[in-house]
Amino acid sequence: MESSPGITTKPPRSSEHPSGDRRFKMLEATMKRLQYRSDALIEVLHSAQGLFGYLEEDLLLYIAHSLKLPASQVYGVASFYHFFSLKQKGAHTCVICTGTACYVKGAAQILEAVEQKAGIQAGETTANKQFSLGTARCLGACGSAPVVVIDDTVEGMQTPESTLQRIAEYLSDGT
Amino acid sequence: MELSELREIANQTKQQRRKTQIRCCTVGGCRSAQSVAVKERLEEAVTDAGLGDSVDVCSVGCMGLCSQGPLVSVESEGAEGVLYTQVRPEQAGLVVATLDSSTSQGEENGLVIGDRSHPFFTRQYPIVLENSGKIDPESIEDYIAADGYQALFRVLREMTPKEVIDTITQSGLRGRGGAGYPTGLKWATVAKMPPGQKYVVCNADEGDPGAFMDRSVLESDPHRVLEGMAIAAYAVGADQGYIYVRGEYPLAIEHLKKAIQQSRRYGLLGSQIFDSPFNVRIDIRIGAGAFVCGEETALIASIEGKRGVPRPRPPYPAESGLWGCPTLINNVETYANIAPIIRKGADWFASIGTEKSKGTKVFSLAGKVENTGLIEVPMGTSLRDIVEVMGGGVPNGGMVKAVQTGGPSGGCVPASEIDTPVDYESLVKLGSIMGSGGMIVMDENDNMVDVARFFMEFCMDESCGKCIPCRAGTVQLYRLLTKIRDGQATSADLEQLETLCDLVKQTSLCGLGQSAPNPVLSTLRYFQQEYLDQVKTS
Ligand SMILES: Cc1cc2nc3c(=O)[nH]c(=O)nc-3n(C[C@H](O)[C@H](O)[C@H](O)COP(=O)(O)O)c2cc1C
Ligand code: SF4
Ligand code: FES
Ligand code: FES
């Protein structure tokens with residue numbers, strides 16, 4: 001782990017990324033604050049995903065370079081954790097909790113209804129990139145199960161109908 | 001800072017309080033039911049009514065009855081407080097109007113009054129949750145006014161590390177993260193390691209689906225966890241702590257961050273705390289959605305920025321943990337018990353609970369039960385008391401079929417065993433475990449093969465893949481369970497299911513694989529007929 005084969009060039013320590021994308025500047029600031037420590041990788045990935053929405057291959061390489069880590073390790077970590085997404089998400093997201101409390105209160109039926117209506121499976125995004133469907137294992141709001149998160153808003157006590165109604169507009173335009 | 005200064009802050013905070021307090025829960029489930037808007041409207045209503053001088057509107061943490069949220073309580077000096085449930089923002093004015101005693105109290109106004117004399121509330125014994133729903137989680141002054149940081153003062157100024165560990169040992173406290181390992185013993189092991197860099201870690205990963213106790217404690221009373229960690233650090237000789245919180249809990253992270261900043265500013269974390277030679281720094285590490293990271297060695301790998309993959313133990317983290325240094329890992333609720341034990345003494349704590357399980361336990365009650373939410377009861381309270389008396393049983397007069405405890409590592413306790421006292425040993429005897437305290441009530445409509453399959457799917461998805469029995473075994477078990485559910489299995493498949501359960505249990509490296517078969521085994525034990533009914537007879 002200490003010696004990183006294949007990476008010999010010095011990481012760019014200036015805040016200028018060739019693309020001129022300002023988000024790199026912000027990412028750079030985060031890494032600087034964390035002193036480019038290799039054990040800060042997960043915080044850096046959190047911050048990168050927050051800025052860019054998902055972790056594209058280029059971005060992972062950039063991070064690997066900056067933290068002086070082998071690209072394989074950065075990719076390995078990014079792909080291990082469910083929180084990190086290596087694919088672009090849709091403009092709107094719907095996350096259905098499939099934890100135990102939600103499960104016994106009928107989360108599977110909600111999931112099935114949405115999958116059918118949207119024509120995609122959990123973990124996928126519609127072709128027009130308007131809508132992504134995901135699942136989560138317990139959001140810690142089990143008291144109001146079943147729970148669905150639509151664009152960061154947590155909605156409790158859901159039914160297939162109520163969820164479909166909430167997401168109808170995101171699905172209507174030609175999916 | 002001195003104790004007198006701490007008391008001064010407490011007194012000032014109490015004096016500044018107005019005669020009446022309207023408390024609104026703004027965490028967890030209530031927040032997803034618009035409680036923040038309720039609180040804002042309450043503030044406006046108080047101002048509009050010209051009551052700004054006599055009424056406080058406060059944000060507080062969880063009051064327990066989360067499914068009935070948003071919850072609002074009105075407390076006046078010397079008067080029995082009123083609890084309102086399911087308060088809508090537009091009802092804020094009504095709540096404020098009831099303060100004027102000539103106006104009728106709620107009900108005919110359309111406000112729903114919660115029954116505080118219900119066993120759901122009266123049977124509770126709050127230690128961990130004593131401040132929850134009473135203080136503003138974002139105010140260190142509120143925590144200090146509730147005797148906060150006094151235990152830390154006592155420890156740093158009046159006790160040796162050994163005395164602290166002895167107190168925890170004598171209290172009989174056992175880890176609340178699942179296995180119930182004696183906390184004092186764990187502390188003593190870390191303390192015994194040669195001096196040098198040591199760490200304390202708080203496991204706030206709470207991966208068990210259906211459990212939200214840790215989330216609630218962190219959101220409702222974050223300082224209590226920090227105080228417990230600081231005391232632990234002093235006892236074992238550490239000067240750096242990490243709280244590993246799951247990324248799914250943004251509000252818990254926000255409240256913790258704020259709490260850390262506040263205690264640093266007051267000099268209650270940092271260097272030379274209470275003018276003693278003791279220093280401690282606490283940082284947050286955010287998890288990234290992997291259940292296995294709750295396992296202590298995986299959690300350590302994750303803090304180090306690596307994939308959260310477990311490693312064989314020994315060496316235990318107590319000997320070789322973070323970056324190879326001795327590391328104490330405890331659960332959120334375990335740390336939350338520390339300050340009260342120091343304040344009130346080991347004997348007091350040991351007098352609560354059962355012979356081998358001391359103190360209280362916080363449970364999250366969910367699933368097919370009337371009152372869902374959080375409860376804290378003495379160890380040894382029976383499942384019937386929890387589910388039927390406090391929880392109110394299955395809604396609409398349904399029958400409890402089983403109670404699932406311990407999540408994917410646990411099992412289902414059948415209704416026939418509902419009089420079992422809830423403690424570590426009794427649950428193990430029934431083939432389940434206490435786990436972290438998630439309790440999911442199931443009724444006649446739940447199929448137990450389905451439930452077993454549900455947990456197997458969870459373990460299959462969450463297996464880190466390091467060892468084959470777990471990686472491949474959970475997949476095979478899942479397939480077998482699917483086959484049974486679909487009515488395609490034969491009795492040979494059922495036999496294979498049992499053999500495979502044994503194999504995965506015996507040969508997996510970490511707790512995830514070792515306990516993955518538990519839900520299957522426990523449902524086989526109590527609901528075998530359901531399996532047989534779904535197996536082809538010819
Ligand atoms: C797969 C797996 C997941 C676990 N998840 C958690 C968790 O989310 N929170 C927790 O406190 N302990 C969890 N544990 C238990 C921890 O490894 C550890 O025993 C515990 O944090 C010790 O703290 P305690 O002694 O205070 O209970 C998990 C264990 C395993 C095997
Ligand atoms: S038992 Fe499962 S989760 Fe644990 S180390 Fe092995 S593969 Fe990973
Ligand atoms: S199981 Fe869905 S929020 Fe907990
Ligand atoms: S979250 Fe509000 S009462 Fe529990």
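All conditions but one from (1) buried (at least 16 other Cβ atoms within 10 Å of the Cβ); (2) on the phi < 0 side of the Ramachandran plot; (3) away from chain A (no Cβ under 14 Å) apply to B:Ala301; the one that does not is (3).
When you scan region B:30-116 for strands (runs of 3 or more DSSP E) that lie fully inside it, which ones turn up with 2 or more residues that are within 14 Å of chain A (Cβ to nearest Cβ) and either among the hydroxyl-bearing types (Ser, Thr, Tyr) or surrounded by fewer than 17 Cβ atoms within 10 Å (Cβ to Cβ) (or both)?
none
Remark: pairs (first residue in region B:491-515, under 22 Å from B:Leu532 (Cα atoms); second residue hydroxyl-bearing (Ser, Thr, Tyr); Cβ separation under 7 Å; 6+ apart in sequence or on different chains) = B:Leu494/B:Tyr531. B:Glu319: in contact (Cβ under 8 Å) with a residue 40 or more places away in the chain and closer than 30 Å to B:Tyr143 by Cβ, yes or no? Against the criterion (in contact (Cβ under 8 Å) with a residue 40 or more places away in the chain and closer than 30 Å to B:Tyr143 by Cβ), B:Glu319 does not qualify. The residue that is nearest to ligand 3 (Cβ to nearest atom), counting only those in region B:36-86 that are more than 18 Å from B:Asp221 (Cα to Cα) and polar (S, T, N, Q), is B:Ser67. Kindly indicate whether B:Val164 is surrounded by 24 or more Cβ atoms within 10 Å (Cβ to Cβ), part of a strand (DSSP E or B) and more than 16 Å from ligand 4 (Cβ to nearest atom). Considered against the rule, which asks whether it is surrounded by 24 or more Cβ atoms within 10 Å (Cβ to Cβ), part of a strand (DSSP E or B) and more than 16 Å from ligand 4 (Cβ to nearest atom), B:Val164 comes out as no.
Just to check your reading of the model, which residue among B:Asp221, B:Asp214 is within 16 Å of ligand 3 (Cβ to nearest atom) and buried (at least 22 other Cβ atoms within 10 Å of the Cβ)?
Of the residues listed, the single one that is within 16 Å of ligand 3 (Cβ to nearest atom) and buried (at least 22 other Cβ atoms within 10 Å of the Cβ) is B:Asp214.
Restricting A:Val114, A:Val154 to those that are without any contact (Cβ under 8 Å) to a residue 40 or more places away in the chain, away from ligand 1 (no atom under 16 Å from the Cβ) and outside any loop (DSSP other than H, G, I, E, B) reduces the list to A:Val154.
Just to be sure I understand the filter: pairs with C-beta atoms under 8 Å, separated by 6 or more residues or on different chains, first member in region B:77-102 and more than 19 Å from B:Leu51 (Cα to Cα) and in contact (Cβ under 8 Å) with a residue 40 or more places away in the chain, second member surrounded by fewer than 19 Cβ atoms within 10 Å (Cβ to Cβ) and not hydrophobic (A, V, I, L, M, F, W, C). Which pairs pass? Between residues of region B:77-102 that are more than 19 Å from B:Leu51 (Cα to Cα) and in contact (Cβ under 8 Å) with a residue 40 or more places away in the chain and residues that are surrounded by fewer than 19 Cβ atoms within 10 Å (Cβ to Cβ) and not hydrophobic (A, V, I, L, M, F, W, C), the close pairs are B:Arg88/B:Gln34. For the condition within 14 Å of chain A (Cβ to nearest Cβ), more than 16 Å from ligand 1 (Cβ to nearest atom) and aliphatic (A, V, I, L, M), B:Val475 does not qualify. B:Val535 falls short of the stated requirement of being assigned to a helix (DSSP H, G or I) and either crowded, with 23+ Cβ neighbours inside 10 Å or on the phi < 0 side of the Ramachandran plot (or both). Considering region B:489-517, the residues that are of a type outside the set (A, V, I, L, M, F, W, C), assigned to a loop (DSSP other than H, G, I, E, B) and surrounded by 18 or more Cβ atoms within 10 Å (Cβ to Cβ) include one that is farthest from ligand 2 (Cβ to nearest atom), namely B:Pro517.
Quick grid of which residues meet (1) basic (Lys, Arg); (2) surrounded by 15 or more Cβ atoms within 10 Å (Cβ to Cβ):
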| position | (1), (2) |
| --- | --- |
| A:Glu57 | no, no |
| A:Ala71 | no, yes |
| A:Lys87 | yes, no |
| A:Val104 | no, yes |
| A:Gln109 | no, no |
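Which one of B:Arg307, B:Arg384, B:Arg343 is more than 16 Å from ligand 3 (Cβ to nearest atom), in contact (Cβ under 8 Å) with a residue 24 or more places away in the chain, in contact with a Phe, Trp or Tyr (Cβ under 8 Å, 6 or more places away or on another chain) and not aliphatic (A, V, I, L, M)? Residue meeting the stated conditions: B:Arg307.
Out of all the residues in region B:3-20, is one or more in contact with a helix residue (DSSP H, G or I) (Cβ under 8 Å, 6 or more places away or on another chain) and within 14 Å of chain A (Cβ to nearest Cβ)? No, region B:3-20 contains no residue that is in contact with a helix residue (DSSP H, G or I) (Cβ under 8 Å, 6 or more places away or on another chain) and within 14 Å of chain A (Cβ to nearest Cβ). The sole residue among B:Glu304, B:Glu295, B:Glu388 that is in contact with a strand residue (DSSP E or B) (Cβ under 9 Å, 6 or more places away or on another chain) and among the charged types (D, E, K, R) is B:Glu388. Looking only at region A:35-51, filter to residues that are aliphatic (A, V, I, L, M) and more than 10 Å from every other protein chain (Cβ to nearest Cβ); which one of those is nearest to A:Phe84 (Cα to Cα)? Ranking the qualifying residues of region A:35-51, first place goes to A:Ala48.
Taking the criterion of being within 14 Å of chain A (Cβ to nearest Cβ), at positive phi and either within 16 Å of ligand 2 (Cβ to nearest atom) or buried (at least 24 other Cβ atoms within 10 Å of the Cβ) (or both), would at least one residue in region B:252-267 satisfy it? No, region B:252-267 has no match at all.
Report yes if some residue within region A:154-165 is within 29 Å of B:Pro408 (Cβ to Cβ), within 14 Å of chain B (Cβ to nearest Cβ) and within 15 Å of the chain's Cα centre (by Cα); otherwise report no. Within region A:154-165, none of the residues are within 29 Å of B:Pro408 (Cβ to Cβ), within 14 Å of chain B (Cβ to nearest Cβ) and within 15 Å of the chain's Cα centre (by Cα).
No value in this document is a laboratory result; all are computed from the given coordinates. Small disclaimer: the values here were computed from a predicted structure and weren't measured. Note that we place each Cβ from the backbone using ideal geometry, even for glycine, and neighbour counts take in every protein chain shown.
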